[in-house]
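The values are calculated or read from the model by the stated rules, or taken from the named source; none is laboratory data. None of these values were measured; they are calculated from a predicted model. All Cβ positions, even for glycine, are placed from backbone atoms using ideal geometry, and neighbour counts span all protein chains on display.
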Amino acid sequence: MNETVWLLKTPQQQEHYSSPASWSTYYMESNTLSNFNQKENKFLKNFIEKYKPSFHDFQVLYIAMGQGRNSIWLAQKGYKVTGFDSSIEGVQIAKNQAKHLNLTILQAHVTTIEEFHFDVEQWDLIICMYFSIINQTSYLKRIEQSLKYKGLLLVEVFHWDSLSGDYIIPLDITYRTKSIALLFPNLTTLIYEEPIDYSDFGNKLTKIIRYVGQKQYSHA
């Protein structure tokens, strides 16, 4: 699944947007994005601006990039970004914006996590936000192996405690305390937070998880 508004008010809405084709329709319906943060993610922005990774040969992979708002922001900062998403419309929006901004260092692909070639020790930073990695356990090792030595994995998701209120949040994008770190036991946790903050979806305060893990070993 892709990075879009998962805070849908009814199960019927969730079912309607459960396929790549429907998500493409979703991206074309501007009224559905009214509760969606159109700016770069705050956690990502603060992390990049605080740690200032070098631009030299720094490769970023964005899993489920959606319309590419975060990928565009990173490319504007000077980072080489590869992103993928299953939504044709979402990826096309990202490509059009990158072309408009002359961002040749952003590559966007229509594919799924099952089909994407992660390679080995390819990425300095992998970003995964509001995506159901808990249901992708067969790919967790591939994600980890594709990180370079000292490579980083940055994740933001809903905390299990956020399953309340007017909006319905699917269980597969909610995580219990420390569960992200447990999915990647070979990564060293650099940042782990459980703030009450505004998520990218819904414009409401809720409990979220923010995680950065680092690979401190090499396959060589």
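Counting only strands (runs of 3 or more DSSP E) that fall entirely inside the range 68-167 and contain at least 3 residues that are more than 17 Å from the chain's Cα centre (by Cα), the qualifying elements are 147-159.
Yes or no: Glu194 touching a helix residue (DSSP H, G or I) at 6+ places or on another chain (Cβ under 9 Å), under 22 Å from Tyr51 (Cα atoms) and either small (Gly, Ala, Ser) or surrounded by fewer than 21 Cβ atoms within 10 Å (Cβ to Cβ) (or both)? In short, yes. Do we have any residue at all in the range 193-202 that's closer than 24 Å to Asp124 by Cα, β-branched (Val, Ile, Thr) and modelled with pLDDT of 90 or more? Looking through the range 193-202, none of the residues is closer than 24 Å to Asp124 by Cα, β-branched (Val, Ile, Thr) and modelled with pLDDT of 90 or more. Can you confirm whether the range 95-114 contains a residue that is at positive phi and crowded, with 21+ Cβ neighbours inside 10 Å? No; the residues of the range 95-114 include none that is at positive phi and crowded, with 21+ Cβ neighbours inside 10 Å.
In the condition set (1) part of a loop (DSSP other than H, G, I, E, B); (2) touching a strand residue (DSSP E or B) at 6+ places or on another chain (Cβ under 8 Å), Phe43 is compliant with all but (1). The lone criterion from (1) surrounded by fewer than 21 Cβ atoms within 10 Å (Cβ to Cβ); (2) modelled with pLDDT of 95 or more left unmet by Ser54 is number (2).
Considering Leu187, Leu205, which residue is touching an Asp or Glu at 6+ places or on another chain (Cβ under 7 Å) and at pLDDT 95 or above? Give the steps one after another, and end with the answer.
Values: Leu205 fails: at pLDDT 95 or above.
Checking each option against the conditions leaves just Leu187.
Scanning the range 54-78 for residues that are more than 15 Å from Asn102 (Cα to Cα) and touching a Ser or Thr at 6+ places or on another chain (Cβ under 9 Å) returns Gln59, Val60, Leu61, Tyr62, Ala64, Met65, Gly66, Gln67.
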